[in-house]
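The values are calculated or read from the model by the stated rules, or taken from the named source; none is laboratory data. Source: prediction; values computed, not measured. Cβ atoms come from the backbone with ideal geometry, glycine included; neighbour counts cover every protein chain shown. SASA here: full protein model, heavy atoms, side chains in, ligands and nucleic acids out. Shrake-Rupley method; radii C 1.70, N 1.55, O 1.52, S 1.80 Å.
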Amino acid sequence: MNKSFQLDIVTPTKSFTFDNIVYVECPGTEGYFGVLKNHTNSIIDLKEGIISVKTEDSNLKFTCSSGIADINSDSSDDLPDKVLLLVENVQELQE
Amino acid sequence: MANLKDIQQRIKSVGSLQKVTKAMKMVAAAKVKKAQEKMEISRPYSKNVQDLICRILPEISSSNVDLIEKREIKNKGLIVITSDRGFAGSFNSSVIRLAEKEIENFGKEKVQLFCLGKKSSEYFSNRKYKVKESFYDFWKDMNFSTASDIANVFINSFTSGEVDEVNVIYNRFKNLGSQDLMMEKVLPIDFTKDYNVKNYNYDYEPSRESTIQTLMPKHIKVQMWQQMLESYSSEEAARMIAMDNATENAKEIIKELKLEFNKARQAAITTEMLEIVGGAEALAD
């Protein structure tokens, strides 16, 4: 069974889309939270911090400003599982 | 008739002026393209923020949201977006004219101005209008944080009750040859038409109210960013056209000067020949 989903990080000045995401960890205002496939539909406020992204073959990290995470895994519609992070600023961290 | 050296000098100086206007035209064209790209990039963010607001807003009591609160309009805020520099045809004057008309209609004392760009700032300050804040010298290195800072200023004015409505006047880019002069309401935000009534059944953390309070300023900021980009694109497009016209005019002037130069040269040769003939005849005698 496919355990991956899509992640969009969208800012006013750039956007990233990643397929085959296995796990994302985000800085929520009430603490870090992780997202796997089939996560409950949620809208979560984000604070400044680090977004950790795990794809099927690599790990990535980003610093981000505050924003909103929109997690959509509604099986009733035909759309694939998707996590949308709306932040004002994002920067990829080089390991 | 001017002498040959003077005309030659004028042809040379108009020629260098033509080179400058041509270069300015090309620089403006490149800047329009860059601003258009930035506009394109900002659209998904803006759309997603709007979608989310439309999804959440019907589920909460609107009285809890400051930025959609409709009040009796006693004082207005007016954002006037112009440029720092001239050489752009009627770009600035059309915005200033509409702003002035709007201020006169509502009452000079009841309108607070937020001026973007030196042109509007100088114009309204010199005429003793109520300029609450001026922002300039940012167009060259314009980025989202500039728009965000500017938006924070008028959001604060609105939430503190200093103004009950905020409008913006700017030029919207239509195409390279034309701009639309726009006046839009920024605050309070009016979302009633776009409500999305589908029940999404979402979990909110910490709460719906907090999410909407986070989203509203973001919506205003990205709108401000887009309006600034629209205005910047329009400014550079107007400058491009103005510089193109100036280049054409210089071409015409050079053509006329060359004609004048040839006439003067011809006259000089004729005079010289007459002198020679006259001299030869005098010798023969």
Inset, instruction - Just name the residue that is farthest from the chain's Cα centre (by Cα) out of those in region B:63-78 that are of a type in the set (S, T, N, Q) and farther than 12 Å from B:Gln213 by Cβ. - result: B:Ser63
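If you go through region B:148-183 one residue at a time, how many are among the charged types (D, E, K, R), under 19 Å from B:Val131 (Cα atoms) and part of a strand (DSSP E or B)? Give the steps one after another, and end with the answer.
Taking region B:148-183 as the starting set, the residues that turn out to be among the charged types (D, E, K, R) are B:149, B:162, B:164-165, B:172, B:174, B:180.
So of that shortlist, the ones also under 19 Å from B:Val131 (Cα atoms) come out as B:149, B:162, B:164-165.
Adding the requirement that they be part of a strand (DSSP E or B) leaves B:165.
Summing the residues that are among the charged types (D, E, K, R), under 19 Å from B:Val131 (Cα atoms) and part of a strand (DSSP E or B) in region B:148-183 gives 1.
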Legend entry - So B:Ser13, is it surrounded by fewer than 14 Cβ atoms within 10 Å (Cβ to Cβ), more than 26 Å from B:Asn171 (Cα to Cα), without any contact (Cβ under 8 Å) to a residue 40 or more places away in the chain and in contact with a helix residue (DSSP H, G or I) (Cβ under 9 Å, 6 or more places away or on another chain): no
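Looking only at region A:1-37, filter to residues that are outside any strand (DSSP E or B), more than 14 Å from every other protein chain (Cβ to nearest Cβ) and of a type outside the set (Lys, Arg); which one of those is farthest from B:Ile41 (Cα to Cα)?
Of the residues in region A:1-37, the ones outside any strand (DSSP E or B) are A:1-4, A:11-14, A:29-30, A:36-37.
With the extra rule that they be more than 14 Å from every other protein chain (Cβ to nearest Cβ), the set shrinks to A:1-4, A:36-37.
Filter once more, so that each one left must be of a type outside the set (Lys, Arg): A:1-2, A:4, A:36.
Numbers: A:Met1: 35, A:Asn2: 31, A:Ser4: 26, A:Leu36: 28 Å.
My answer is A:Met1.
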Inset, instruction - Evaluate region B:150-167: report whether one residue or more is surrounded by 14 or more Cβ atoms within 10 Å (Cβ to Cβ), free of Cβ contacts under 8 Å to residues at least 40 places away in the same chain and more than 14 Å from chain A (Cβ to nearest Cβ). - result: yes
Legend entry - Lone qualifier among A:Lys47, A:Lys82, A:Lys54, A:Lys61 - being modelled with pLDDT under 90 and open to solvent by 20 Å² or more (accessible area, probe 1.4 Å): A:Lys82
Inset, instruction - Name, by its number, the condition in (1) open to solvent by 30 Å² or more (accessible area, probe 1.4 Å); (2) at pLDDT below 90; (3) in a helix (DSSP H, G or I) that does not hold for B:Met1. - result: (3)
Legend entry - Considering residues of region B:200-217 that are over 11 Å from B:Ile60 (Cα atoms) and more than 7 Å from chain A (Cβ to nearest Cβ) only, the residue least open to solvent (accessible area, probe 1.4 Å): B:Met216
Inset, instruction - Output the number of residues of region B:40-49 satisfying the condition of being open to solvent by 10 Å² or more (accessible area, probe 1.4 Å) and either more than 20 Å from B:Ser145 (Cβ to Cβ) or touching a strand residue (DSSP E or B) at 6+ places or on another chain (Cβ under 9 Å) (or both). - result: 4
